C-alpha cells in the first residue's frame, strides 16, 4: 500500500506530480491531505499555480516563499505596495523596453541604458549598462536570460528618394558586453523594406520579438506587410512572408511560444490568424493553423487598426523575476473602428490568455493538420475573452504582464484588471457591448477577472507593470531632454 511507505518516500513521489494531480491526491483521504498541507515543497507547488507562475525567482526556503507569494497576491488585490523608489533618467528616449526587471532605453544618438529596478529585498536602482552601441539604432528587443539584445536599424548610405526599397538589418549583441553575441552563427540579418516606413534610423510601426532561439521582424507599410523569422543561433531563415503568404490585411504580430505566433488582420471584421513554425529552420515557412474571426460589423464600419501586446517571452529561468505559466500569459488587443460616413472612431480593448491559442493549435493537430481551423466569434470569443470599450489609447508599452493589465492613467485613477481570479465572489459580471453603431449583434464576453482601483495623488504620463512592480513614468521637457521618472 502506498500509504504504508515512509512519509518521506510518499513526499518524494508526490513531488513528481503536476498541480492538478496533486490536488486530486489531496482529495483522496485525510492522510494524503495532511501530507500535502504540511509539506512546504508541495505547498509551494500549489501556491505557484494559484499565482499563475511556473517558478519563483526566490532563493528562500519553500515555506518562506509560500508566505511571500500569498502576501504578493494580497498586495496586488488591494494595490498596497511596500516601497516607493524614484529614479531620474536623463536624455531623450528613442525606444524603450521593460523586461525581466530591467528598464532599457536607447536615445537618438545610439546610447544604451540598462537599469535594474529595485525590489523589496534590494531597494536600489542599479545601472548595468550606460554606453554607446557604436551605431544609430532604431527599435530593439531583448531576452536578458540569454544576454541577448537585437537592434533593428536602417543601413546607412541608402538614398531613400531614388528607389522604392532600402536595406535594413537586425543586429544581435550581448547585453553585458555590447559585442557580437557569442552564440549567434550570424550576428546581422539583412533585408529590404519599402522606404515609406523609414524614419531616420528607425522603421515606423516595426515589431521585433525574441522567442527562445527565434527572432522575428514584422514591418507593415502602405505596400503591404512582411514578417521574417530567423533562428538566431544557427543563422537559418525559418520563414519569410514574401514566400509564405500571411492573411490579407496583416497589421501586427506576436509570438505565443517559440513555435507558434499570430498575426492580427484588419480584413473584414478582424481576424487573429495563428501560425506554427519549425523553430530549428529545418523546414522553412509558416503553417496556417487557425483563423479566429471577430464579431460582425455594421455596414458602414471598418476596422482601422488591430494592435497586440503581451509580456516578452524568456528562454530560461530568471534570477530577477518569477515566470508566468505559458498558458496563463495575458494577451491584449487594441482595436480602433472607423465609421466611414463621418470618420468618427471608437476604440476597444480585448483580452485573452495564451491558452486560447495553444488549444487551437492542439485542435489543428488533432484534426490531422490538413486545413486551418476557421472559428467564428461565437465559437471562441464569449467565454475566452473580455471585450471592453476603451476611451483612451495606450501610449506606453509593457502595460500587460502575466495575468494583469494596467489601464491608461486618467484623473489620477489607477486601475488594474487581474485575470488571476481565486474566488467567484471577485468575478466581474459579463461584459455586454450592445448592438449599436459598431457591431451587427450584441457582443458578450465572460473571461473571468476582477478589478482593483486606487486614487493616486501623483500624476503619471504612463504606467507599466511586471509581476512585482508598478512603474509610473513622468516626462518633463523644459526645454531640453525628456526626464522619465520611474516609481
Regarding segment 72-82, can at least one residue be identified that is in contact (Cβ under 8 Å) with a residue 24 or more places away in the chain, in contact with a helix residue (DSSP H, G or I) (Cβ under 8 Å, 6 or more places away or on another chain) and closer than 22 Å to residue 124 by Cα? yes
Checked 238, 215 against criteria (farther than 30 Å from residue 299 by Cα, touching a residue at least 60 places away in the same chain (Cβ under 8 Å) and either outside any loop (DSSP other than H, G, I, E, B) or not assigned by TED's automatic domain parsing to the domain that holds residue 182 (or both)); the one match is 215
Top-ranked residue in segment 418-443 [being surrounded by 14 or more Cβ atoms within 10 Å (Cβ to Cβ) and assigned to a strand (DSSP E or B); ranked as nearest to the chain's Cα centre (by Cα)]: 418
Here are some residues: 4, 94. Which one is surrounded by 19 or more Cβ atoms within 10 Å (Cβ to Cβ) and modelled with pLDDT under 85? 94
Of the criteria (1) more than 30 Å from residue 47 (Cβ to Cβ); (2) at pLDDT 90 or above; (3) surrounded by 12 or more Cβ atoms within 10 Å (Cβ to Cβ), which one residue 394 fails: (2)
From 250, 315, which residue is more than 15 Å from residue 358 (Cα to Cα) and surrounded by fewer than 17 Cβ atoms within 10 Å (Cβ to Cβ)? 315
Restricting attention to segment 359-382, which residues are surrounded by fewer than 19 Cβ atoms within 10 Å (Cβ to Cβ), in contact with a strand residue (DSSP E or B) (Cβ under 7 Å, 6 or more places away or on another chain) and part of a helix (DSSP H, G or I)? 363
Evaluate the following for residue 96: is it touching a strand residue (DSSP E or B) at 6+ places or on another chain (Cβ under 7 Å) and not assigned by TED's automatic domain parsing to the domain that holds residue 113? no
Give segment 118-167 a look and list any residue that's under 21 Å from the mean Cα position of the chain (by Cα) and either modelled with pLDDT of 90 or more or outside the structural domain of residue 222 (by TED's automatic domain parsing) (or both), or say none. 140, 141, 142, 143, 144, 145, 146, 147, 148, 149, 150, 151
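The values are calculated or read from the model by the stated rules, or taken from the named source; none is laboratory data. In this text, all values refer to a predicted model and were calculated from it rather than measured experimentally. Here Cβ is always computed from backbone atoms with ideal geometry, including for glycine, and neighbour counts include all displayed protein chains.
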